Amino acid sequence: MPSASIAMLDKDHHIHMIPAERVLMMSIEHSAPRKVDSERFEIECHLKLSVESFPHPLEDIIRFSFASTVVPDQRMMTEITFVQNHIIKSIFDKNLAGDMMVCAPDDPHSSEMGITISSEIKTQMAVSKQFREVLVRNGALPESVIFGR
C-alpha cells in the first residue's frame with residue numbers, strides 16, 4: 001500500500017518527499033510585518049518540518065503582501081497564525097487519509113502552483129474565508145493579497 005508523502009524543501013532548495021508518518025513536528029514562525037511601500041506590508045512565514053532520522057529540519061518560506069490602512073499588530077499576527085495552523089492541520093489530515101490530490105509535473109495545477117506543502121498552504125490561504133475575515137477585521141484589504149515565490 002503506498003504511503004502518503006509531504007513535499008518539502010531543504011536549506012539548499014532541494015525537494016524531499018517525506019513519508020507522512022515520519023513527520024515529527026512542523027512549526028511556523030512569522031517575521032514582523034515589513035512596510036514595502038506607502039500602504040503595503042509584507043509578511044514572511046518560515047515553515048520548519050522535523051523528520052524522523054533526518055539530520056536537520058526542512059525549511060520553506062511563504063511570503064505574502066497586502067494593502068492596509070493600519071500597521072499590522074500582534075493580534076493580527078496571532079489570528080493569521082491560527083488560520084495557517086488550521087490549514088496545515090487540514091492538509092496533514094487529508095494527506096494521511098489519502099485524500100490529497102496527486103501532484104504530477106504534467107498536472108496544470110502542480111506546474112502552476114508547485115508541489116510543496118508551502119504551495120498547498122498558499123493555495124488554501126488564497127481561498128480561505130477566515131483569512132480574509134482576519135484581514136478585514138485588522139484594516140487590511142483582502143483583495144490586495146499577493147503571494148510571492
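Read-outs throughout are calculated quantities, based only on the coordinates presented, and are distinct from any laboratory measurement. Computed from a predicted model, the values in this text were never measured in an experiment. Heads up, the Cβs are rebuilt from the backbone with ideal geometry, glycines too, and the neighbour counts pull from every protein chain shown.
Computed quantities for the displayed model
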quantity	calculated
FRET efficiency estimate (nearest 0.05) - Cβ-Cβ, Arg34 to Asp12, R0 30 angstrom	0.75
All-pairs alpha carbon distance profile, segment 48-94, 5 Å steps from 0, percent	5, 14, 15, 25, 18, 12, 7, 4, 1, 0
Relative contact order computed over segment 1-59 (Cα-Cα under 8 Å; 6+ residues apart), in percent	31 percent
Calculated from backbone phi, Karplus (6.51, -1.76, 1.60) coupling profile of segment 125-137 in Hz, x at Gly/Pro	5, 4, 10, 6, 5, 4, 4, 4, 5, 4, 4, 4, 4
